[in-house]
Amino acid sequence: MRLKGKVAIVTGAGQGIGEGIVRSLAREGAAVVVNDMNAETGTKVAKSILEAGGKAAYAGGDVSTLQANQALVDTAKSKFGRLDVIVCNAGVAHWNKPILDVTEDEFDKIMAVNVKGLFQAARATIPVFEAQKSGNIIVIASTAGIRPRPGLCWYNASKGAAIIATKSMAVELGPKGIRVNAICPVATETPLLPQFMGGDNANNRAKFEATVPLGRLAQPQDHANAAVFLASDESSFITGVALEVDGGRCI
Ligand SMILES: NC(=O)c1ccc[n+]([C@@H]2O[C@H](COP(=O)([O-])OP(=O)(O)OC[C@H]3O[C@@H](n4cnc5c(N)ncnc54)[C@H](O)[C@@H]3O)[C@@H](O)[C@H]2O)c1
């Protein structure tokens, strides 16, 4: 058990990459706070972790608000006594389409969840981490922030912001014992995937797979494996990285 005794929050953990991450953290011994604004899926994931013998609590809320992030921290402390790790995974995209077809509402939503969500998570967690002189923030960014694909302009921009926010937090918070790293997934088999590809069909899949040297799309477990490493003390000298889990897509 690589995370025994640690307490972690994972946002957007009711399905997809977040679900894969929260299940792996729990399997490695962490007590987990499962966040998702979809109460049905979030509750289901927390319940199944409990049934498998793990420690879990569901806490809902929209991560673009300070109130929701504060409630996550309060849940971690009241249920499990402390907080060691937050995985900021919740994110949204717009459908793959030309720049000028993206609406202002779509832009605002993407920036609110993918960028402002990090601002709010930082405001809620850093005071706790500073007081205990340790803490670990893991941001789920994207290869989109490093090697953007056409049709995803403002999503790509939000993930570029997430990566530089990660590095900025890492350099400023390192002296306080707080590590901050990002994981950059390539296209991954989750309910969000059709939006990135502009529809899930054999042709689009072949196009995306052809850009990955290892020849396949990612699975949530690929990112969960990286998250366990970054959440554990095995990575205690690693901060400020944007770790590509992408089969070589960004080479
Ligand atoms: N799937 C991919 O191909 C891919 C690739 C690169 C990066 N990512 C990133 O990985 C993360 C997870 O993506 P996914 O594919 O698992 O997505 P998904 O849509 O399958 O799951 C996201 C979950 O987050 C929840 N959520 C959305 N907005 C929220 C909010 N404001 N507050 C709380 N919960 C919220 C949703 O209810 C959903 O359960 C995102 O940040 C995404 O940008 C995904």
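Look through ALA52, ALA56 and report the one residue that is crowded, with 18+ Cβ neighbours inside 10 Å and of a type in the set (A, V, I, L, M). It would help to see each step written out before you state the result.
Working: ALA52 fails: crowded, with 18+ Cβ neighbours inside 10 Å.
None of the other options fit; the residue is ALA56.
Counted as qualifying within region 30-141 are the helices (runs of 4 or more DSSP H) with 2 or more residues that are in contact (Cβ under 8 Å) with a residue 40 or more places away in the chain, among the aliphatic types (A, V, I, L, M) and out of contact with any Gly (no Cβ under 6 Å at 6 or more places or on another chain), namely 66-80, 104-111, 117-132.
When you scan region 191-214, do you find a residue that is within 25 Å of VAL7 (Cα to Cα) and modelled with pLDDT of 95 or more, even just one? Give the steps one after another, and end with the answer.
Quick first cut of region 191-214, residues within 25 Å of VAL7 (Cα to Cα) only: none.
Taking every residue of region 191-214 in turn, none turns out to be within 25 Å of VAL7 (Cα to Cα) and modelled with pLDDT of 95 or more.
When region 85-138 is limited to residues that are away from the ligand (no atom under 16 Å from the Cβ) and acidic (Asp, Glu), the one that is surrounded by the most Cβ atoms within 10 Å (Cβ to Cβ) turns out to be GLU130.
Of the residues making up region 33-50, just one is within 17 Å of the chain's Cα centre (by Cα) and of a type in the set (D, E, K, R), namely ASP36.
When the residues of region 153-166 are narrowed to those that are surrounded by fewer than 24 Cβ atoms within 10 Å (Cβ to Cβ) and not polar (S, T, N, Q), which ends up nearest to ALA71 (Cα to Cα)? Per the criteria, the residue is ALA165. In region 203-217 there is no residue matching the filter, namely being under 23 Å from ALA8 (Cβ atoms), within 16 Å of the ligand (Cβ to nearest atom) and under 20 Å from the mean Cα position of the chain (by Cα). Whenever a residue of region 189-201 is without any contact (Cβ under 8 Å) to a residue 24 or more places away in the chain, its partners that are charged (D, E, K, R) and loosely packed, with under 14 Cβ neighbours inside 10 Å, lying with C-beta atoms within less than 8 angstrom and at least six residues away or across chains, give the pairs PRO194/ASP200.
Annotation: PHE229 fulfils all but one of (1) aromatic (Phe, Trp, Tyr); (2) closer than 30 Å to GLN132 by Cα; (3) near the ligand (Cβ under 10 Å from one of its atoms); the unmet one is (3).
Scanning region 9-29 for residues that are assigned to a helix (DSSP H, G or I), in contact with a Gly (Cβ under 6 Å, 6 or more places away or on another chain) and within 7 Å of the ligand (Cβ to nearest atom) turns up just one, GLY18. Among the residues of region 180-195, which ones are within 12 Å of the ligand (Cβ to nearest atom) and either of a type in the set (Gly, Ala, Ser) or in contact with a helix residue (DSSP H, G or I) (Cβ under 8 Å, 6 or more places away or on another chain) (or both)? Answer for region 180-195, where residues must be within 12 Å of the ligand (Cβ to nearest atom) and either of a type in the set (Gly, Ala, Ser) or in contact with a helix residue (DSSP H, G or I) (Cβ under 8 Å, 6 or more places away or on another chain) (or both): ALA182, ILE183, CYS184, PRO185, VAL186, ALA187, THR188, GLU189, THR190, PRO191, LEU192. In summary, helices (runs of 4 or more DSSP H) completely within region 162-251 and bearing 2 or more residues that are farther than 21 Å from ILE17 by Cα occur at 202-209. In the set (1) near the ligand (Cβ under 10 Å from one of its atoms); (2) touching a Phe, Trp or Tyr at 6+ places or on another chain (Cβ under 8 Å), GLY177 fails one condition alone, (1).
The values are calculated or read from the model by the stated rules, or taken from the named source; none is laboratory data. No experiment lies behind these values; they were computed from the predicted model shown. Every residue, glycine among them, receives a Cβ derived from its backbone with ideal geometry; neighbour counts consider all protein chains shown.
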